[in-house]
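Peer 1: Quick one: structure below, then a few questions.
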Amino acid sequence: MALTGLEIFKLLPKTNCKKCGRATCLAFAMQLAQKKAELKDCPDVSEEAKGILGAASAPPIKLVSIGAGDKQISVGEENVLFRHDEKFYNPTGVAVTLSDDLDDDAFSEKLNKINNLKFTRVGTEIEIDLVALLNNSGDGTRFAERAKQVSENTHLSIILESKSPENMKSAVETCSDKKPLICGANADNWEAMANIAKDKGCPMTVSASTLEELADLAEKIKGIGVTDIVLNQVSESTKDILQGLTIIRRAALKKAFRQLGYPALTYMPSYEPAQEIASASVFIAKYAGIVVVNAFEPWQIMPLLTVRQNIYTDPQKPVQVEPKLYEVGQVNENSPVLFTTNFSLTYYTVEGEVEASRIPAYILAVGTEGTSVLTAYSGDKLNEDVIAKAMSDANIEEKVKHKKLIVPGLVAILSAKIQEKTKWEALVGPKEASGLPTYLKSTWN
Ligand code: SF4
């Protein structure tokens, strides 16, 4: 648990020597408590105090990295229960299962589909993170061959799932350079599995049906020397899994219960496809480090990645696009000119609808610090002066020969003022972006 400034002060030398750059030990202690200083700045702190302060400053939920290279993912190290209190830092890893008992063609086809589960949303590429190879065949040689095949044919990180330490050992040998997540340790095999993880420097999961057993096994595995641990509470019920994930997060953050201070992985119960994605979305919100789904169709995965993208944005920093003039399609001097704000979601919604209209157009993204149209208007960040300046900065008069500006219907009230300020004719567009295709086709043409 985090120590207070006074508790830290009691552990410092109290000589006020200023070598740390602070006037007094107390000032240093206060900054340390606020994470504005580092313990190493005090050269005279005792080894005993280093031990106590080091343990107290360790993150309550361990950061665990899986994979190597560009697609390595890190999960855990979260500080809050609710994202509005700070933000969530390390996005939930999304894994898709692949069984080693599929025939060659089906296996390659599914792996290929999994590799292509990537999408562009609000200007950002979103994709899954891991392939979870399941040893459903029970055969060690086949599991190892499939692990090698996955390793050589995916850019994603790998989860290997088997209850057999022998099979796991053979499979890890083929792809240990990719630092796969070793998955399948339980009360019966944890020691053998932990030795494989320790030997290969790989992270591992531990599974149990109760949190007490999970905490106990995690402590035993840590005792062997493996600290990159991921917890897996086994259940077939969404309610029980959600309850378990919440208790794990609360115990780590609120009670500093180190035995559960690890990220958690969740396998999806056997649900029909839509229910599977709905439940996985719940676990992304609260509080899975990794969700493993059987779904692999784009219509299933895209909503899941969209939920993750939304949950893991900083709620205090709106996602913005660069304020400037954007061209959609092959624009010319007769193309319509619309404006909106530089809030990403707003901009890309408008852009998508303009694309759907198939009428090339200019979209002026007016800089409003990433706020939406109505929010910007009510905060006086979107007014005739701001819009006129954005038009001037974009040299819009040199791009088109008409002088017509399409105003979002939500701020129709600004039309007269825009007209007066810019001497452009203000045309009131639809209130919702979804009305743009019809508006452009019927009104503009
Ligand atoms: Fe105190 Fe250490 Fe800073 Fe000296 S360097 S003032 S002993 S905290």
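The values are calculated or read from the model by the stated rules, or taken from the named source; none is laboratory data. All values derive from a computational prediction rather than experimental measurement. Using ideal geometry, Cβ is built from the backbone for each residue, glycine included, and neighbour counts are taken over all protein chains shown. Keep in mind that these areas ignore ligands, DNA and RNA; they rest on the heavy atoms of the full protein, side chains included. Shrake-Rupley method; radii C 1.70, N 1.55, O 1.52, S 1.80 Å.
Peer 1: Given only helices, namely DSSP H runs of n ≥ 4 each adding -39500 (n - 2.57), what is the per-residue ellipticity at 222 nm of the chain, to the nearest 500 deg cm²/dmol? Write out the running numbers ahead of the final one.
Peer 2: Details: 16 runs with 175 residues, N = 445.
After summing the helix terms and dividing by residue count, I get -12000 deg cm²/dmol.
Peer 1: Can you pick out the pairs among Lys62/Lys222; Lys286/Lys317; Lys169/Lys200 whose Cα atoms lie more than 19 Å from each other?
Peer 2: On the way: Lys62/Lys222 12 Å; Lys286/Lys317 21 Å; Lys169/Lys200 10 Å.
Listed pairs above 19 Å: Lys286/Lys317.
Peer 1: For the stretch 143-242, take N as its residue count and report Rg(C-alpha) divided by 2.2 N^0.38 Å.
Peer 2: On the way: Rg = 13.6 Å, N = 100, 2.2 N^0.38 = 12.7 Å.
Ratio of Rg to 2.2 N^0.38 Å for the stretch 143-242: 1.07.
Peer 1: Can you pull out the GluC sites (Glu not before Pro) in the stretch 205-243 whose DSSP state is coil and whose Cβ has at most 11 other Cβ atoms within 10 Å?
Peer 2: Glu236
Peer 1: Report, by chain and number, residues whose modeled amide H sits under 5 Å from the one on Asp101, excluding near sequence neighbours (fewer than 5 apart, same chain).
Peer 2: The answer is Asn136, Ser137.
Peer 1: Leaving ligands, DNA and RNA out of it, report the carbon-plus-sulfur percent of the accessible area of the chain at a 1.4 Å probe.
Peer 2: Numbers: 10490 of 21040 Å².
Within the chain, the accessible surface is 50 percent carbon and sulfur.
Peer 1: In the stretch 9-84, which chymotrypsin sites (Phe, Trp or Tyr not before Pro) are in a loop and have at most 10 other Cβ atoms within 10 Å, using DSSP for the loop call?
Peer 2: Phe82
Peer 1: Okay, next question. Counting other C-beta atoms within 10 Å, and keeping those with at most 10, which DSSP coil trypsin sites (Lys or Arg not before Pro) do you find in the stretch 1-101?
Peer 2: For trypsin sites (Lys or Arg not before Pro) across the stretch 1-101 that sit outside H, G, I, E and B with at most 10 neighbouring Cβ atoms in 10 Å, the list reads Lys35, Lys36.
Peer 1: Please compute the Kirkwood hydrodynamic radius of the stretch 64-311 from all pairs of different C-alpha atoms, in Å with one decimal.
Peer 2: For the stretch 64-311, the Kirkwood estimate is 18.0 Å.
Peer 1: Which order do you get for Leu374, Leu134 if you rank them by accessible area with a 1.4 Å probe, largest at the top?
Peer 2: The ordering from most to least exposed comes out as Leu374, Leu134.
Peer 1: Something else: Enter the mean projected area of the convex hull around the alpha-carbon atoms of the stretch 325-444, in nm², rounded to one decimal. Don't skip to the end; give the middle numbers.
Peer 2: Details: hull surface 24.7 nm².
Computing the convex hull of the Cα atoms and averaging its projections yields 6.2 nm².
Peer 1: For Lys62, which sequence-distant residues (separation of 5 or more, or a different chain) have an amide H within less than 5 Å of its own amide H, given hydrogens modelled in the peptide plane?
Peer 2: The list, which skips near neighbours in sequence, is Glu77, Tyr262.
Peer 1: Amide H of Gln320: which non-local residues (sequence gap of 5 or more, or other chain) have their own amide H closer than 5 Å, using H built in the peptide plane?
Peer 2: Ser344
Peer 1: Here is a further query. List the relative contact order of the chain as a percent without decimals, with contacts defined as Cα pairs under 8 Å and 6+ residues apart.
Peer 2: 11
Peer 1: Follow-up. Karplus couplings for the stretch 132-139 from phi (6.51 cos²θ - 1.76 cosθ + 1.60, θ = phi - 60°), rounded to Hz, Gly and Pro as x?
Peer 2: 9, 7, 9, 8, 5, 5, x, 9
Peer 1: Karplus couplings for the stretch 156-172 from phi (6.51 cos²θ - 1.76 cosθ + 1.60, θ = phi - 60°), rounded to Hz, Gly and Pro as x?
Peer 2: 7, 6, 10, 10, 10, 10, 7, 8, 8, x, 5, 5, 4, 4, 4, 5, 4
Peer 1: Can you give me the relative contact order of the stretch 5-56 as a percent, contacts being Cα pairs under 8 Å and 6 or more apart?
Peer 2: Relative contact order here is 36 percent.
Peer 1: Follow-up question, since we're still on this one. Roughly how far apart, in whole Å, are the Cα centres of the stretch 363-400 and the stretch 273-315?
Peer 2: So the two Cα centres are separated by 35 Å.
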